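A.B. asks: Let me give you the structure first, and then I'll get to my questions.
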Amino acid sequence: MRTHLTAGPHALRAHGRRLASVIVIGGGQSGLAMAYALREHGFRPVILEAGKEAVGSWPRYYDSLTLFTPARINSLPGLPFPGDPHRYPARDEVVDYLRTYAARLDCEIRTQTRVTSVLAAEEGFAVDTHDGARHLAPFVVAASGSFDKPHRPDLPGLAGYTGTVLHSADYRNPAPFAGQRVVVVGAANSAVQIAVELARHARVTLATRTPALARRPC
Ligand SMILES: Cc1cc2nc3c(=O)[nH]c(=O)nc-3n(C[C@H](O)[C@H](O)[C@H](O)COP(=O)(O)OP(=O)(O)OC[C@H]3O[C@@H](n4cnc5c(N)ncnc54)[C@H](O)[C@@H]3O)c2cc1C
C-alpha cells in the first residue's frame, strides 16, 4: 500500500510547554470521553472514526433497543444525559446524545477515516488510514470497541445446519422471522430483549447454559 505522510496533526508549544497530540481511534462513547479528558489535561486529540458520524456502534444496534442502564448513569463527562434521569433511554436517544456531545467537543474529528494499521515510529506512532494517509503522533488511544468483530462461536454441527444463523449484531427487528421457529442462544440483555420481541411474531425458545439473569435496575 502506498502511503503519504501528513504532518503530525498537532504538536505545538504554548507557554514553553509542549502540548502533545494524541490520535484517538474510534468516535464512540469511549473515544469521545477520552478526547474530552485529554482536552481537560491540555492535550490536542484528533479522533479518527471509520463511520459517517462519531456516534459509536449505537445506530447499528437493533431498532427496539432500550438501555438496561438508566439515563442518570449514561452521562459522559461535561454533558448530562437529557430528560428524566431515572428512565431507560431508547437507542436513538443515545445516538442523539452522542451526536450532540461530539458537536460540542473541542477537538478535530475525522469521520469516514478507517485506521488500517498502527506502527511504532521514531517519536511515537505512525497511524495509517484506508485512504493511504499516514498520521504521526506521539500517543495513540485505541477506542475502536468490539462491535465490529462479533464473537461467532464454532458450534458443533453448524456447517450442516440448513436454517438461518444470525448473530445478534445483525438483528434489527422481528419482521423477517414472522411465523418461524427461532432458537435464541444466550441469557443476557441482548438475547432476552430479542427473544421477548420475537415471541410476539414467532415460536421462540431461549437456550441458556444457566438460568436467565434478571438484571436489577441500577
Ligand atoms: C445490544 C446492546 C445493548 C447495550 N446496552 C447498553 C446499555 O443499556 N447500557 C450501557 O451502558 N451499555 C450498553 N451496551 C454497551 C455499549 O453499547 C458499549 O459498551 C459501548 O458502545 C462501547 O463504546 P465504545 O466507544 O467503546 O465502542 P463503540 O460504540 O463500538 O465505538 C467504537 C467506534 O470505533 C469505530 N472504529 C472501529 N474500528 C475502527 C477503525 N479501525 N478506525 C476508525 N474507527 C474505528 C467504530 O466505527 C465506532 O464508531 C450495549 C451493547 C449492545 C451491543
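Rule-based calculations on the coordinates, nothing more; no lab input. All of these numbers come straight from a predicted model, not from anything done at the bench. A quick note on method: Cβ atoms are made from the backbone with ideal geometry, for glycine too, and the neighbour counts reach across all protein chains shown.
A.B. asks: For helix 91-104, report the angle its Cα long axis makes with the longest principal axis of the Cα atoms of the chain; keep it between 0 and 90° and round to the nearest 10°.
C.D. replies: Once rounded, one gets 10 degrees.
A.B. asks: So, one more: Between the alpha-carbon centers of region 62-85 and region 97-151, tell me the distance in whole angstrom.
C.D. replies: That distance is 25 Å.
A.B. asks: Along each principal axis of its Cα atoms, how long is the chain end to end? Whole angstroms, biggest number first, please.
C.D. replies: Here the spans come out as 67, 46, 29 Å, largest first.
A.B. asks: Let me ask something else about it. Residues with amide H under 5 Å of Ser75's amide H, sequence separation 5 or more or different chain, H placed in the peptide plane at 1.01 Å from N; which?
C.D. replies: It is Phe81, by chain and number.
A.B. asks: While we're on this one: Taking the Cβ of each residue in Val95, Val127 as the centre, tally the other Cβ atoms inside 10 Å and list the residues starting with the fewest. Before the final figure, lay out the partial values.
C.D. replies: Working: Val95 16, Val127 25.
Ranked by crowding around the Cβ, least crowded first: Val95, Val127.
A.B. asks: Give me the angle, in degrees from 0 to 90, between the Cα long axis of helix 189-198 and the longest principal axis of the Cα atoms of the chain, rounded to the nearest 10.
C.D. replies: Once rounded, one gets 50 degrees.
A.B. asks: While we're looking at this one, here's another question. Quick one: which residues, 5+ away or cross-chain, put their amide H under 5 Å from the amide H of Val24? H built at 1.01 Å from N.
C.D. replies: Long-range HN contacts for Val24: Val46, Ile47, Leu48, Val141.
A.B. asks: Per the helix-only calculation at 222 nm, which mean residue ellipticity applies to the chain, given -39500 (n - 2.57) for every DSSP H run of n ≥ 4 and division by its residues, nearest 500 deg cm²/dmol?
C.D. replies: On the way: 3 runs with 36 residues, N = 218.
Using -39500 (n - 2.57) per qualifying helix, the result is -5000 deg cm²/dmol.
A.B. asks: Counting DSSP beta bridges with both partners in the chain, what percentage is antiparallel, nearest 5? Before the final figure, lay out the partial values.
C.D. replies: Details: 15 of 35 bridges.
Percent antiparallel among DSSP bridges in the chain is about 45.
A.B. asks: Residue by residue, what Karplus-based ³J(HN,Hα) values in Hz, rounded to whole numbers, does region 133-142 have, using 6.51, -1.76 and 1.60 with θ = phi - 60° and x for Gly and Pro?
C.D. replies: Working through the residues one at a time gives 7, 10, 10, 9, 8, x, 9, 9, 10, 8 Hz.
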